[in-house]
Structure formats: C-alpha cells, structure tokens
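To keep things clear, I will list the structure first and then write my remarks on it.
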Amino acid sequence: MDAYDEDSKAPEGPDGSDGARRAGALDGPGAPPGDRGDAAAGDPAELPVPEAAPGVGLAALSPRYRLVAGGGLAVVAAVAAVHLGMVFLSLAPANTVSKRHGEAVQAWVYPEFEQNWKLFAPNPLQQNVAVQVRAQVRAEDGDLRTTGWTDLSAQDGAAIDGNLLPSHTQQNELRRAWDFLGTTHGTDNRPVGVRGALSEQYVRRIVLLRLRRDEEIGRAGTVERVQVRSRTVNVPPPEWSREKVSTDPAFRVLPWWTVTGDETEAGAR
C-alpha cells in the first residue's frame, strides 16, 4: 500500500481526502519558521503565545502599590515646595507675605535650617532715585545766570529704554557715583574722610561732562559752579498689599561746588 494512502475511515480534510497531506505540505522552503507540518496542522490553541514586555518603573507595580507610590511622590514634592518657599521668604527682603507669616517662617527655618547668607545683596531698590544738576554760567558779558534743573537720570533712562545693548556707562556710571557719594557723606552733606572728597570730585566731573554735551549751556558761557540734588520717590505698593507708603518726593540738595580749571578742561573734552 502506498505510504501516502489515508485511512478510509478518517474524516476528510477541507481539501478532500488529501487534506492531511496538504496541511503537511507546509513543510518546505516556503513554510514559516518553527514547527512545520504537525504544529501547523494541530490545534491553534497549542501555538506559542509571545510574552508581554515587563513593565518599567511604576508600571511594573500592581495598581494598589502604584497608587501608594504616586501618593508618596506627591507628598515629597509638596514638602519640598513648602521648604523652598519658606527658605526664600526667610532670605528675601521684607514683604507683605513675610510680614504676615513671619512667625511661621521663622519657626520652620530656624534653627534646623539656619542660613547666614543673603539671597539678595544688596536688597532690590524700592525707590526711584533721580540725580539732577543745575549750574551757574558766566556769560561773555560777565553776567552770571543759573540754569534750571537737568534730570541726568532721565537722560540715562531714555538712552536705555528700547536699547537691546545699553552701555555700562548709561546703566551704572551715574547711579554708582551717587551711591558712592551717599555712603561717604554725613547727614549734613559734608564729606567724611578722603573717600568723601574723592566721591565729590567724581560726581562733579560726571555732571560737568553731561553739562558740556548740552549745546545751549555751552553757548551760554563758562560753567563756574554746579549744584547736585537727588529726587527720591517710593515705589507704590501693589493694590492687593495693605502696606502704606508716602509717594511724595524727597530731595537731598548738596551745596554749590566751585568748578576748578582742571575740571572745566576735563568737561570740555
């Protein structure tokens, strides 16, 4: 009997009596890899099922443990945010929030997290300070006249506004010179020590350079004396703040300074 003869009592395959042989015909070069023949003809439920890739991180946990881990991370993030906020308020200059909750901030930070350095050095200004100057000019006919006040800070502000690359001179020269003078002079506007006299000379040379750029003053005659003052106005607090400050301008007026010959030549240059 032919080795390929089928049992006459076996159920016929989908392709007739040769169905079993046709299923086995998957063996060969064109058959898919793996068990060919018997596996292909067998029950599809017996075929191997690929395993799912293992989870990573929280995804590898069960839903219950995943919920617990997420809650723990949220608590840690909240505590870190509160701590950073408390440290910031303890180091920042006095403001509405730190004044209202000062005791809570101090209780949180000290003594466990005591800091001996300042986040802001120096503290940000809460005032608008303008440096102004006027001069006494000797005309060619011998008359001496006094000019009006010239706002040098406003000139610097106009040069900086809209300028993507403002110069260091425009930003800091006049401001730093006035700060230097303020720290080296007493409340009576008298210089204290050698640095006080140096600060006066520095400010005087700056204002002379600025005045000599004014063509009107240059045509009027020779600058013999100058007087400098500052106009200080507090920055108003925001609408939601309960802080009350005066917005009336306060002036600090220095005495008249006599311009020396060297300073006049320096100003002319």
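The values are calculated or read from the model by the stated rules, or taken from the named source; none is laboratory data. Keep in mind the model is a prediction, meaning the values are calculated, not measured. Glycine gets a Cβ as well: all are built from the backbone with ideal geometry, and neighbour counts include every protein chain shown. SASA here: full protein model, heavy atoms, side chains in, ligands and nucleic acids out. Shrake-Rupley method; radii C 1.70, N 1.55, O 1.52, S 1.80 Å.
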Open item on the list: Quick test for you: out of Leu61, Leu67, Leu119, pick the one residue that is within 25 Å of the chain's Cα centre (by Cα), at pLDDT below 90 and among the hydrophobic types (A, V, I, L, M, F, W, C).
Closed with: Leu119
- [ ] Can you give me the number of residues within region 241-265 that are outside any strand (DSSP E or B) and without any contact (Cβ under 8 Å) to a residue 40 or more places away in the chain?
- [x] 10
TODO: Looking only at region 183-205, count how many residues are in contact (Cβ under 8 Å) with a residue 40 or more places away in the chain and within 13 Å of Val131 (Cβ to Cβ).
DONE: 1
Task: Sole exception among (1) crowded, with 17+ Cβ neighbours inside 10 Å; (2) of a type in the set (A, V, I, L, M); (3) more than 33 Å from the chain's Cα centre (by Cα); (4) modelled with pLDDT of 90 or more for Val253, by number - done: (1)
Open item on the list: Criterion first (in contact (Cβ under 8 Å) with a residue 60 or more places away in the chain, crowded, with 17+ Cβ neighbours inside 10 Å and in a helix (DSSP H, G or I)) does Val226 satisfy it?
Closed with: no
- [ ] Restricting attention to region 148-190, report how many residues are over 21 Å from Arg210 (Cα atoms) and either open to solvent by less than 60 Å² (accessible area, probe 1.4 Å) or among the charged types (D, E, K, R) (or both).
- [x] 6
Task: Conditions (1) assigned to a helix (DSSP H, G or I); (2) open to solvent by 60 Å² or more (accessible area, probe 1.4 Å); (3) modelled with pLDDT under 90; number of the one not met by Gly218 - done: (2)
